[in-house]
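Only the coordinates and a few stated rules stand behind these numbers; no lab work does. It should be emphasised that the depicted structure is a prediction, and the values quoted were computed from it without experimental measurement. Cβ coordinates were reconstructed from backbone atoms using ideal geometry, including for glycine residues, and neighbour counts include every protein chain displayed.
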Amino acid sequence: MPLKILTMGLVAQLADSIEKKLGLYFAQERWEDLERGILAATRESGYPTAEEFVRTAILSAPLSKEMTALARNLTIGETYFFRDEAFFRLLEESVLPVLIARRRAAGMPFLRIWSAACCTGEEPYSIAMLLTKLLPDLNQWTVTILGTDLNTTFLEKAREGKYGDWSMRALAPGLKALYFESAKDKRHLVKNEIRRMVHFAQLNLTLEEYPSPLTNTQAMDLVLCRNVLMYMTVGKAESILARLGKALSEDGLLALAPVETTLARVSGLIASPYGVPFLLAKTGDPKPPESGNFPSAAAGRSLRPTAVSDATAVHSIAGKSTGMEREKSEEILAQARLEKDPWDYPAMAILTKAYADQGRLEDALQWGLKAAEGIASSELSFLVATIFREKGDDGEAISRLTELLKKDQDFILAHFALGSLQQRLEGPQSALSHFRNALRLVQALPSNYALPGSDGEMTSGKLKLVLLNILNKDDAQ
């Protein structure tokens, strides 16, 4: 059937723009669906005509008001708890127990899991429920469960944590009472202890915002990106897979939907040893140690660690972390130095970095505060502030970032971190000055300059793109 309002040429231009900016591919036979989404986005955005909306959207940034409205009206929100019983059985009986056993054997009680394109949150909440079952000592672990999506409406529903019966149709008997409480509107509210385990954020998989400490998407043990790539061109899907592969830890795994496995032709990703084609590994053979035992009942809380940089004073000694083995060796070397000289402040800073990367936030903070007594370093100050933030102490993190900027007003990531905190706590307007200061500073740098405090993961060019998207979105609101 022909389009009802827009010309074929204008829709073709927008379809191309959507594919480049959002990663969503609309073949010509789906342009009627696209037109319906355009009309809904036009009404939502307050434009007088669809043509005016489309022409503006074609020229807009990926996270502009127009593109965000299109994402809300063009993405599909069909999901439910424990979707794909066989997949979650594999996680519960093999993948997660193996990962937990490896961490226990290494003395590193932390896990990092990312649900990319999490929709309305059922998938990451399902992961949180599994971990409460598998970790009886969950309160002694540092667990990151990150849920990201392009659709801000989906993310609002995920943060609310309220669901109808249809989202719970695959729940095993008894789990509803265990993990949910009744809400006044006859829906079901995820219990607070589960909701606290998951952090939600908007992220566009087509942009170079990951892997990065700034989006908390680095060194992931498990990334789930299911039923997403099928809507993209092969080239776009492979580009996303390459970045997701870089977001994995050395023994990390990437989960796709079974229908998407033909897209996984990316160098650096190999078949996992679990015998299923939709689970890919970055390296090696993630087998459990001989002594691994897998407990089955738990309750607890979680924190959200972020890998962060060491102090400038010890950067040449500590360098950039390349995996758990390096982090552990740095820890051992630093401890040996401190046995010889208890006032070796650079060694304290190395130990702070190593513990932070391992997710041992209490230990990292203890040594970071001691190191700061003897090292006047912006990077160390930023590291300590970041640890406070990941421990959930936003007030102390803001205070320390503010003090850092009084001493070093050109520390770019402090501006960005402070803006991000204030945006979350107080709203976009309170964050604008810090985001604009960060943009002013990065624009004066070469695009490939690695920003201090990013562990080498964030260049000025990448941060510039992130900031432009944020500021364009805020200016449009």
### Query
Counting other C-beta atoms within 10 Å, which of Y345, Y210 has the fewest, and how do the rest follow?
Y345, Y210
### Task
Compute the long axis of helix 460-476 from its Cα atoms, compare it with the longest principal axis of the Cα atoms of the chain, and write down the angle in degrees, 0 to 90, nearest 10.
50 degrees
### Query
Under the definition of Cα pairs under 8 Å and six or more residues apart, what whole-number percent is the relative contact order of the chain?
14 percent
### Message
For the pair A336/R196, report the inter-label distance in nm, with labels modelled 7 Å from Cα in the Cβ direction.
### Response
4.0 nm
### Task
Round to the nearest 0.05 the FRET efficiency obtained for Y449 and E78 when R0 = 56 Å and r is the Cβ-Cβ distance.
0.85
### Message
Going by amide H atoms built from the backbone, whose H comes under 5 Å of the H on F180, apart from near neighbours?
### Response
K191
### Query
Once the Cα gyration tensor of the chain is diagonalised, what are the square roots of 5 times its eigenvalues, in whole Å and ordered largest first, as equivalent ellipsoid semi-axes?
37, 29, 21
## Note on the structure
Least to most buried among K191, K184, by other C-beta atoms within 10 Å and fewest first, runs K184, K191
### Query
Rounded to the nearest 0.05, what FRET efficiency is calculated for A376 and A242 with R0 set to 35 Å and r the Cβ-Cβ distance?
0.30
### Query
Label V234 and R89 with points 7 Å out from Cα along Cα→Cβ: what is the distance between them in nm?
3.4 nm
#### Entry: Spatial extent of region 85-281: Rg and Dmax, with the Cα atoms as the point set, Å
16.4, 51
### Summary
Which residues qualify? For F200, with a placed amide H closer than 5 Å and at least 5 residues away or on another chain, they are G147
### Summary
For region 210-217, in residue order, the Karplus 3J(HN,Hα) values (coefficients 6.51, -1.76, 1.60; θ = phi - 60°; whole Hz; Gly and Pro = x) are 8, x, 6, x, 5, 9, 6, 10
### Message
How much length would be gained if the chain were fully extended between D393 and E160, taking 0.36 nm per residue of separation minus their Cα-Cα distance, in nm to one decimal?
### Response
81.7 nm
### Summary
Excluding residues fewer than 8 positions from K157 in its own chain, the lysines with Cα under 17 Å of it are K184, K186, K191
### Task
Any chance you could list P(r) for region 57-126, counting all Cα-Cα pairs in 10 angstrom bins from zero, rounded to whole %?
16, 31, 25, 17, 10, 1
### Message
Please report the equivalent ellipsoid semi-axes of region 379-431, computed as sqrt(5 x eigenvalue) of the Cα gyration tensor, largest first, in whole Å.
### Response
16, 14, 8
### Query
Using the C-alpha atoms of region 8-74, what convex hull volume per residue, in cubic angstrom, is computed?
68 Å³
### Message
If you average the alpha carbon positions of region 214-279 and of region 388-434, how far apart do those two centres end up, in angstrom?
### Response
32 Å
### Task
Taking 7 Å along the Cα-to-C-beta vector as the label spot, tell me the K184-T261 distance in nanometres, rounded to one decimal.
4.9 nm
### Summary
Fewest-first ordering of L131, L380, L189 by Cβ atoms within 10 Å yields L189, L131, L380
#### Entry: Helix 324-340 axis, angle to the chain major axis (alpha carbon atoms, nearest 10°)
30 degrees
#### Entry: Contour minus Cα-Cα distance for A271 and R440 (0.36 nm per residue)
56.4 nm
